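Working notes for the structure below.
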Amino acid sequence: SKKALIFDLDGVIVDTAKYHYKAWKKLANNLGFDFTEEQNELLKGVSRVKSLEILLEIGNVTLSDEEKLKVMNEKNEHYLGFITKMEQDEILEGIPEVLNYLRENKVPFSLGSASKNARLILTQLNLIDLFDAIVDGNDVSKAKPDPEVFLIAADKLKTAPENCIVVEDAIAGIEAANSAQMTSIGIGDKETLGEADIVLSSTAELNIELLEKLLRK
Ligand code: G6P
Ligand code: MG
């Protein structure tokens, strides 16, 4: 069986999660309510539109469709301000080694992200050419926890979903991987990501030894 990997972007390849949080928090504050890091877990892995809906629900705020578009654009502008200044040293620990190992061993891998900024971020970090395929928020109609993004990635990698190993930091992403019948690796704490097949506390634990074990199975 031909194994393949699918990587989420935000919080797995690079720590953009903190920038998303800052930008959503600012929006929440502008709308007159607070937004905690714990509440932010619910937004991880979720599309921009869905994130806004969850945020507005938390703040008990209603906006017209026009206002929603406006604040989403503002949030993204604020976010882009952070990510266009991002440096390669913001790539998460161990990730460059893992990607290089996979390439050297001809194990195909794809991006599977909900972000519409994914290509911009990978280009900025000089990682874009390493990927065999990229599936992002521009390619899907159904957001995580729907498995669509990962199923398209498996298809692009020309392998069956059962052969795919997904690396994710979000609850919605783990759910998506599980419902696609893929092996799920959660990056984060066990409490939050309990549904994952394997939970690692950080990307530093996603080492070559563990990968070799998973690829041999
Ligand atoms: C990722 C992040 C989410 C973000 C979503 C959309 O899944 O984990 O926090 O809201 O992508 O990102 P975008 O860059 O398109 O706003
Ligand atoms: Mg993520």
What's the percent breakdown of Cα-Cα distances in the range 1-130 across 5 Å bins, shortest bin first? 2, 9, 20, 21, 16, 12, 9, 6, 3, 2, 0
Got a sec? Charge dipole of the chain, +1 on Cβ for Lys and Arg, -1 for Asp and Glu; which of Gly186, Ala23, Gly137 is way out at the positive end? Gly137
The FRET efficiency for Asn73 and Asp146, from their Cβ-Cβ distance with R0 = 22 Å and rounded to 0.05, is 0.35
Take the solvent-accessible surface of the protein heavy atoms, probe 1.4 Å, and return the percent of it on the chain that carbon and sulfur atoms account for. 46 percent
Mind checking the angle between helix 17-30 and the chain's longest principal axis? C-alpha axes, 0 to 90 degrees, to the nearest 10. 10 degrees
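Quick check for you: with a 1.4 Å probe and neighbouring chains kept, what is the accessible area per residue of the range 144-195, in Å²? Intermediate values should be presented prior to the final figure.
On the way: 2080 Å² over 52 residues.
In whole numbers, the range 144-195 has 40 Å² accessible per residue.
Mean shadow of the range 52-205, computed from the convex hull of its alpha carbons, in nm²?
Values: hull surface 40.1 nm².
Mean shadow area of the hull around the Cα atoms is 10.0 nm².
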To the nearest 20 debye, what charge dipole does the chain have about its Cα centre, counting +1 at the Cβ of each Lys and Arg and -1 at the Cβ of each Asp and Glu? 540 debye
Which one, Tyr21, Tyr79, Tyr101, has the greatest fluctuation when you compute a Gaussian network model over the chain with C-alpha springs under 10 angstrom? Tyr101
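The values are calculated or read from the model by the stated rules, or taken from the named source; none is laboratory data. Just so you know, these numbers come straight off a predicted model, no measurement behind them. When we count neighbours, we look across all protein chains shown, and the Cβ atoms used for this are built from the backbone with ideal geometry, even at glycine. With ligands, DNA and RNA removed, areas are computed over all heavy atoms of the protein, side chains included. Shrake-Rupley method; radii C 1.70, N 1.55, O 1.52, S 1.80 Å.
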